[in-house]
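Heads up, the thing below is written out as structure tokens.
The values are calculated or read from the model by the stated rules, or taken from the named source; none is laboratory data. What you are looking at is a predicted structure, and each value in this text was computed from that prediction instead of being measured. Neighbour counts are summed over all protein chains in view; Cβ atoms, including those assigned to glycine, are modelled from backbone coordinates with ideal geometry.
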Amino acid sequence: MTSATPSKKKLRILLMPFFATSHIGPFTDLAFHIAAARPDDIEANVAVTPANTSIVRSALARRGPSQQATVEVATYPFPTVDGLSLGVENLSTVNAVDAWRIDAAAVDEWLMRPGQEKLIKEHLPDAIITDRHFFWNVDVAGDLGVPCVTFHAIGTFSTLAMNRLVGVADDATGGVVTVPMFPAPDIRIPVTEVPEYLRRNQQTLDGTTRDRISSARKRSLGLAVNTFFDLGHKYCETYVGNGHVKRSYFIGTLLLPLLPSPNKASANDLPCIDWLDGKPTQSVVYLCFDSLTHVSEAQLNELALGLEASGKAFLWVIRTDTWAPPEGWKERIGERGMVVTGWAPQAAVLNHPSVGVFVTHCGWNSILETVSAGVPVLTWPMVCEQFITERFVTEVLGIGKRLWPEVQGCAAQGTRSMS
């Protein structure tokens, strides 16, 4: 009688993203890529607080049901934070004036470490991939004798620029600052478009915390970044050579499927894809802003009227379901435009031959998608590093133009300092 062959123990990878959809999405994509690459050998768990589980599950669902089994969701409690209502655990669901509370809580070791450390010790992973906010996880991993990698959800250009723009207001000439010690070309940014916490040198972190984050980064196994080397090799090389990390891994773009997507048919069945099918090649303007972007009703009205006056076909994704367009607008637009409320399959849209230009807020995930699809952009940055990423798009890559003259640009909002 032969005994049954014992099942092989899989390597367990635990991924811990910051509390923003723009971070949770790439972490989930990374988990999927790791697990799908070697499904017989690796299992991945994305660790989030309860209110953020739906974001992970939604991202996995878009990968197709047959590929979800290799990635699981783990939860730990979100701490009680003064000024935040119960269940508000994401920058996309918090009022703009209170966004700083989530940022501050994320780097508060006394608040966050107990729940995360308890989860890590319960799961006993073979490796940890952590967002840069949770610097203590390097120590927790060290205590368990497992490696820990820090993962940055935005690209090297914006991260490097922000590191070098601290306290720039005093160095500005004519209200414009040049990013110091940066590879050519010179990047010049109006001070009003530099995140407030950088231009005032008022970091949201105290000196001790910044030192601990820096120390943890140096002690971790390495730094992974959601970009690819050919997209900005000069900035990747600078990242490697700055001595702040042992090694760097440029692993993007994580948005692209690792394997042929089993949900391609379902994406093609969506009404917006059917609508695009009926439009000429490169004739449609696609507009979409991320979940952190707050566009006022007045701005939506003006944008609607501008699209009407343009005479161009457009596909417009609006995050809110409370906005009503100007009276008679839908009738005047007719079949020339389509409005989608909530979510749209952006990768499928950008890769559709009918799409000719993308109006974007310059969030890093959207930039990776439009670069991969080869679609030029019109830029409308609104918060934090988006104004800096815009320079990468317009001045380094040369694939876009901003929607208004520089002097009319919106001032950057520094409250979402680490998102």
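How many of the residues making up segment 333-360 are surrounded by 14 or more Cβ atoms within 10 Å (Cβ to Cβ) and part of a helix (DSSP H, G or I)?
So the answer is 7.
Can you tell me which residue among 192, 150, 208 is in the same structural domain as residue 24 (by TED's automatic domain parsing), at pLDDT 80 or above and not in a loop (DSSP other than H, G, I, E, B)?
Result of the check over 192, 150, 208: 150.
Which residues, taken from segment 127-148, are of a type in the set (Asp, Glu) and surrounded by fewer than 19 Cβ atoms within 10 Å (Cβ to Cβ)? Spell out how you get there, then give the answer.
Of all residues in segment 127-148, those of a type in the set (Asp, Glu) come to 131, 139, 143.
Result: 139, 143.
Restricting attention to segment 108-128, does a residue exist that is of a type in the set (Gly, Ala, Ser), assigned by TED's automatic domain parsing to the domain that holds residue 58, under 30 Å from residue 342 (Cβ atoms) and within 23 Å of the chain's Cα centre (by Cα)?
No, there is no match, as no residue in segment 108-128 is of a type in the set (Gly, Ala, Ser), assigned by TED's automatic domain parsing to the domain that holds residue 58, under 30 Å from residue 342 (Cβ atoms) and within 23 Å of the chain's Cα centre (by Cα).
Residue-by-condition table, conditions (1) hydroxyl-bearing (Ser, Thr, Tyr); (2) under 30 Å from residue 59 (Cα atoms); (3) free of Cβ contacts under 8 Å to residues at least 12 places away in the same chain:
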{"residue": "319", "(1), (2), (3)": "no, yes, no"}
{"residue": "332", "(1), (2), (3)": "no, no, no"}
{"residue": "340", "(1), (2), (3)": "no, yes, no"}
{"residue": "360", "(1), (2), (3)": "yes, yes, no"}
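Any chance you could count how many residues in segment 361-394 are farther than 23 Å from residue 310 by Cα and not in a loop (DSSP other than H, G, I, E, B)?
Of the residues in that region, 17 qualify.
Restricting attention to segment 301-332, which residues are of a type in the set (S, T, N, Q) and exposed (fewer than 13 other Cβ atoms within 10 Å of the Cβ)?
Hits for segment 301-332 are 310, 320, 322.
Could you say whether any residue in segment 359-370 is at pLDDT below 85 and of a type outside the set (A, V, I, L, M, F, W, C)?
no
Being out of contact with any Ser or Thr (no Cβ under 7 Å at 6 or more places or on another chain), modelled with pLDDT of 80 or more and either closer than 30 Å to residue 223 by Cα or part of a loop (DSSP other than H, G, I, E, B) (or both) is the filter here, so list the residues in segment 247-274 that pass it.
If the condition is that a residue be out of contact with any Ser or Thr (no Cβ under 7 Å at 6 or more places or on another chain), modelled with pLDDT of 80 or more and either closer than 30 Å to residue 223 by Cα or part of a loop (DSSP other than H, G, I, E, B) (or both), then 247, 248, 249, 251, 254, 270 are the ones that fit.
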